[in-house]
Amino acid sequence: MEPALWCQINFLVYCAKYSHAVLFDPFCTGNSRINCLTRENNKAMYAVIKTGGKQYKVATGEKLKIESLGVEVGETINLDEVLMLVDGDNVSIGSPHVSGASVAATVLSHGRGKKVKIFKLRRRKHYKRQQGHRQNFTEVVIGDITS
């Protein structure tokens, strides 16, 4: 690719601390445009939670598929491992968790994900193995975020 084309590539980055998005030139060519794109809904409350060994950014009313939990459909669960909590301009970052913060979620359903095919082959050695896997999940809707 020509160097002139690299200069025209700009990336959009969201800065959670200042609640706005910034366009910048990642290659520092000197002719970058830096613009502040203020978001209309930057006062929304959201949290970063950890469950099932994964981290999710959640807001009130979102549906989310998480690792399978042994909870009945319709029950409310309390997710206490909140890593970061943003409420408008107030940002709370835990070390490792935000103390006193929790996210309430209601279980909508249980299910299984799409099939992943595993295929192993050693060429010229008469070795072929084929296997499939479907991961179980629990679908939840995020209710209340408390700090």
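The values are calculated or read from the model by the stated rules, or taken from the named source; none is laboratory data. Every value quoted in this text rests on a predicted model; they were computed, and no experiment measured them. Backbone-built Cβ (ideal geometry, glycine too); neighbour counts: all protein chains shown.
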> Is it the case that segment 107-116 has a residue that's in contact (Cβ under 8 Å) with a residue 24 or more places away in the chain, exposed (fewer than 12 other Cβ atoms within 10 Å of the Cβ), of a type in the set (Lys, Arg) and not in a loop (DSSP other than H, G, I, E, B)?
Replying inline: yes
> Quick check: is even one residue across segment 67-74 modelled with pLDDT of 50 or more, part of a strand (DSSP E or B), of a type in the set (S, T, N, Q) and in the same structural domain as Val141 (by TED's automatic domain parsing)?
Replying inline: no
> Out of (1) out of contact with any Asp or Glu (no Cβ under 6 Å at 6 or more places or on another chain); (2) assigned to a strand (DSSP E or B); (3) of a type in the set (Lys, Arg), what's the single condition that is false for Lys125?
Replying inline: (2)
